[in-house]
Amino acid sequence: MIVRIMGEGQVRLADSHLAELDKLDDELLAEMENGDGPGFRRTLSALLSKVHELGEPLPDDSLEPSELILPAADATLEDVRDLLSDDGLIPG
């Protein structure tokens, strides 16, 4: 799966890692619903770090179709609310 992190680029990530990322996505969704700004910031950072850790960066000149788009590390609660579906940032 190709994941785009806004403002950074793309990462190739094995589908087998989605369950692990989905746990962080669930935490992020709960923190957003509760208006927990500090928790939201920590969990977003953890989610993006995990994508970087588990994924393989694609070259900057590569433009693959992204199956998942994640917000930039400096995104606000409001920015991320605009990206969310009912399932959170990661469908499933």
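Let me spell out the model: positive unit charges on the Cβ of Lys and Arg, negative unit charges on the Cβ of Asp and Glu, origin at the Cα centre of the chain. What dipole size does that give, in debye rounded to 20?
Its charge dipole is roughly 200 debye.
Share of antiparallel DSSP beta bridges in the chain, in percent to the nearest 5?
Given both bridge residues lie in the chain, the antiparallel proportion sits at roughly 70 percent.
In terms of the Cα gyration tensor, with a ≥ b ≥ c the square roots of its eigenvalues, is the stretch 1-41 rounded because a/c is under 1.5, prolate because a/b exceeds b/c, or oblate?
Here the stretch 1-41 falls in the oblate category.
Can you tally the net charge around GLU27? Count Lys and Arg as +1, Asp and Glu as -1, for every other residue whose Cβ sits under 13 Å from the Cβ of GLU27.
Once all neighbours under 13 Å are counted, the net charge is -3.
Give the calculated FRET efficiency between LEU63 and ALA19 to the nearest 0.05, with a Förster radius of 22 Å applied to their Cβ-Cβ distance.
So, using R0 = 22 Å, E works out to roughly 0.20.
Read-outs: derived from the displayed coordinates by stated rules, not from any lab. The structure presented is a predicted model; accordingly, all values stated were derived computationally and were not measured. Note that each Cβ is placed from the backbone with ideal geometry, even for glycine, and that neighbours are counted across all protein chains shown.
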